[in-house]
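K.L.:
Got a structure here, written out as structure tokens. Questions coming.
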Amino acid sequence: MVPRKDSPEDAAAFDVAVVGAGPGGYVAAIRCAQLGLRTVCIDKWTDPRGRPALGGTCLNVGCIPSKALLDSSHHFHCLSHLFPEHGISVDGARIDVAAMQSRKNRVVASLGRGVAGLLRKNGVELVTGAARLTEDGAVEIAGSPPRSLRPRHVVLAAGSVPAAIEAAPTDGARIVDSEGALAFDEPPRRLAVIGAGVIGLELGSVWNRLGSEVVLLEALDDFLPGADRDVAKHSLRIFRRQGLDVRLGQRVTGCEPGGEAVTVHFEDSHGAHRIEADRLVVAVGRRPATEALGLEEAGIDRDERGFIRVDGFGRTSREGVWAIGDCAPGPMLAHRASEDGISVAERIAGGKSRIDHHTVPWVIYTHPEIAWVGRTESELDDAGIAWRSGRFPFAASGRALAAGDAEGFVKVVSDETTDEILGVHVLGAQASELIAEAVTAMEFQASAEDLARTVHAHPTLAEGLHEAALAVDERAIHL
Ligand code: FAD
Ligand code: AMP
């Protein structure tokens, strides 16, 4: 237990110090404060002018800026690809990347001010600086001035940073990570992306829509291995048709940045290859930001990949120290980090919450979007669980056809014996919104029959979920 006493270094005794103000940390801090705990939230992120930049990866260089650019580029894409079908034509459509980037920056800045306002409103003290734990359980903050705190509890919400590979060291110019790819000032003529995962696909889509020739080099033979196999197969076909040159089974082995271009070397089962690109994005995943937290000195265990080991309540190996979000094992997603934060705050306050990642929804914000919750058919096969599934294509949905946006389908997978919903998989417009109903259904342990007997407004895309649930029992109406 971290001893509770007023520190001689810092008179203020906090109940909780939260390290990190990303979606995990700032949400945990707010919930702690709501529960009457005296809370401080510490983050080291500052903007180019040295002011605190709250919201972590998600707000500054992740979810929000990527969605801002995905939305802007989608609007541009619709001008030439969707609107003509609706009888709308625009001559001389142009893209002003500088304006698009300033809009994105304004959205980020405004939400950052919002987070600061929420912390203030809830009475959370904000400290800017890098925090580190010490052997005796203090939290040392390298800010100006430096501070040392002795809170009763510490919540580590330090998040993650882009993973790097030796084959492609970033140089901030030709070779960049996801943060760099969100800040291009013009579409590169030829853009190569290492990794066809969530981030590679989203960023590749943005620049492809704005005119870049995009090649994604993916080491694995399988596309989106965590997704439903039908979703993966269909979406790959759609993305390739959109112009994303997704090449599977291609492991990048090196690259040579030159003055004008970068040469990317990669291998497949046939041998070695290379391509030239104007910019290269390294999107090979993320790793936990746990190196500079003083974990070893404080006796806090990490796993072999650097994630902080926690139990089902977010407790680390040291009493009074908790870990949430991207720095602890589990889905590296903003909403999961926030839910971890709420759960840990409630535990600290004496509540009974526990962390459950089984119903965390996954979303890929391409167009069409991909979203799922629960397990895939292959995962159920591997677990020896018998299942039934029903599928409904948006091509048979009145709303999707009216919108002219009818690619994809909904699949509902349920237990063969009990009919409990075990997974829902959506490829289609608004999949990110549609999946919320499936998450709620699964939280209530609904059966496919429950969804099938639920009235859905007409005409809506959500009727696709209703029909897929009916299809589990082979009684879809519009198939
Ligand atoms: P972070 O958001 O990484 O925040 C950690 C904070 O801790 C940072 O502000 C950091 O400065 C601070 N910190 C770290 N160490 C210290 C220290 N020692 N002292 C003080 N402060 C410290 N997820 C989604 O759910 N949906 C999406 O659409 C989505 N899109 C993404 C797009 C991109 C391009 C990227 C890169 C990520 C995306 N993610 C998305 C993932 C999402 O951003 C993360 O899962 C989420 O930010 C994790 O939240 P967190 O609070 O755990 O950590
Ligand atoms: P994600 O974890 O969803 O962000 O996806 C990252 C992807 O990058 C994974 O699918 C990895 O297989 C892929 N990847 C990692 N290293 C390489 C490499 N050297 N060459 C090509 N792809 C890679």
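The values are calculated or read from the model by the stated rules, or taken from the named source; none is laboratory data. Just so we're clear, the structure is a prediction, and the values are computed from it rather than from any experiment. Note that we place each Cβ from the backbone using ideal geometry, even for glycine, and neighbour counts take in every protein chain shown. Side chains are part of the model used for accessible areas, which takes the heavy atoms of the whole protein and leaves out ligands, DNA and RNA. Shrake-Rupley method; radii C 1.70, N 1.55, O 1.52, S 1.80 Å.
K.L.:
Sequence gap at least 6, Cα distance under 8 Å: using those rules, report the relative contact order of region 368-472 to the nearest whole percent.
P.N.:
For region 368-472, the relative contact order is 35 percent.
K.L.:
Additional query: Using only Cα atoms, find the angle between the long axis of helix 229-242 and the longest principal axis of the chain, and express it within 0 to 90 degrees, rounded to the nearest 10.
P.N.:
Helix 229-242 and the main axis of the chain meet at about 70 degrees.
K.L.:
Go through 313, 466, 97 and say which Cα lies farthest out towards the positive end of the charge dipole of the chain; charges sit on Cβ, +1 for Lys and Arg, -1 for Asp and Glu.
P.N.:
97
K.L.:
Please give the charge dipole size of region 373-479, origin at the Cα centre, charges +1 on K and R Cβ atoms and -1 on D and E Cβ atoms. Round to the nearest 20 debye. Walk me through the intermediate numbers first.
P.N.:
On the way: 7 positive and 19 negative charges, 73 e Å.
Magnitude of the dipole: close to 360 debye.
K.L.:
Rounded to the nearest 5, what is the percent of antiparallel bridges among the DSSP beta bridges in the chain?
P.N.:
Given both bridge residues lie in the chain, the antiparallel proportion sits at roughly 60 percent.
K.L.:
Name the residue from 20, 261, 325 whose Cα lies farthest towards the positive end of the charge dipole of the chain, charges +1 on Cβ of Lys and Arg and -1 on Cβ of Asp and Glu.
P.N.:
The Cα lying farthest towards the positive end belongs to 20.
K.L.:
Return one whole number: the accessible area per residue of the chain in Å², for a 1.4 Å probe.
P.N.:
Numbers: 21850 Å² over 479 residues.
Using a 1.4 Å probe on heavy atoms only, each residue of the chain averages 46 Å².
K.L.:
So if I place +1 on the C-beta of Lys and Arg and -1 on the C-beta of Asp and Glu, and nothing else carries charge, what would the dipole magnitude of the chain be about its Cα centre? I want it in debye, nearest 20.
P.N.:
Rounded to the nearest 20 debye, it is 1440 debye.
K.L.:
Using the structure shown, select from 352/411; 44/233; 67/411 the pairs with a Cα to Cα distance greater than 30 angstrom.
P.N.:
352/411; 44/233
K.L.:
Under a point-charge model restricted to the Cβ atoms of Lys and Arg (+1) and Asp and Glu (-1), what is the dipole moment magnitude of region 176-262 relative to its Cα centre, in debye to the nearest 20?
P.N.:
Dipole of region 176-262, to the nearest 20 debye: 440 debye.
K.L.:
Taking +1 at the Cβ of each Lys and Arg and -1 at the Cβ of each Asp and Glu, which of 387, 441, 427 sits farthest along the dipole of region 368-472 towards its positive end, judged by Cα position relative to the Cα centre?
P.N.:
So the residue furthest toward the plus end is 427.
K.L.:
Let me ask you something else. So if we plug the beta-carbon distance of residue 475 and residue 313 into 1/(1 + (r/R0)^6) with R0 = 51 Å, what FRET efficiency do we get, rounded to 0.05?
P.N.:
Once rounded, the FRET efficiency stands at 0.75.
K.L.:
Rounded to the nearest percent, how much of the accessible area of the chain (1.4 Å probe, protein heavy atoms only) is carbon and sulfur?
P.N.:
The value for the chain is 50 percent carbon and sulfur by accessible area.
K.L.:
What is the set of long-range amide H partners of residue 447 at a cut-off below 5 Å, with H atoms built 1.01 Å from backbone N?
P.N.:
Under 5 Å from the amide H of residue 447: 421.
K.L.:
May I pose another question? What does DSSP give for region 1-138 in terms of the percent of beta bridges that are antiparallel, rounded to the nearest 5?
P.N.:
10 percent
K.L.:
Round to the nearest 0.05 the FRET efficiency obtained for residue 401 and residue 240 when R0 = 25 Å and r is the Cβ-Cβ distance. Walk me through the numbers before you get to the answer.
P.N.:
Working: r = 24 Å, r/R0 = 0.94.
The calculated FRET efficiency here is 0.60.
K.L.:
Leaving ligands and nucleic acids out of the surface, order 297, 218, 433 by accessible area at 1.4 Å, largest first. Walk me through the numbers before you get to the answer.
P.N.:
Numbers: 297 90, 218 30, 433 125 Å².
Largest accessible area first, the list is 433, 297, 218.
K.L.:
In sequence order, what are the phi-derived ³J(HN,Hα) couplings for region 443-454 according to the Karplus relation 6.51 cos²θ - 1.76 cosθ + 1.60 with θ = phi - 60°, rounded to whole Hz, with x for glycine and proline?
P.N.:
Result, rounded to whole Hz: 4, 8, 6, 5, 9, 4, 4, 4, 5, 5, 9, 9.
K.L.:
Can you give the relative contact order of region 93-233 as a percent, counting alpha carbon pairs under 8 Å and 6+ residues apart?
P.N.:
15 percent
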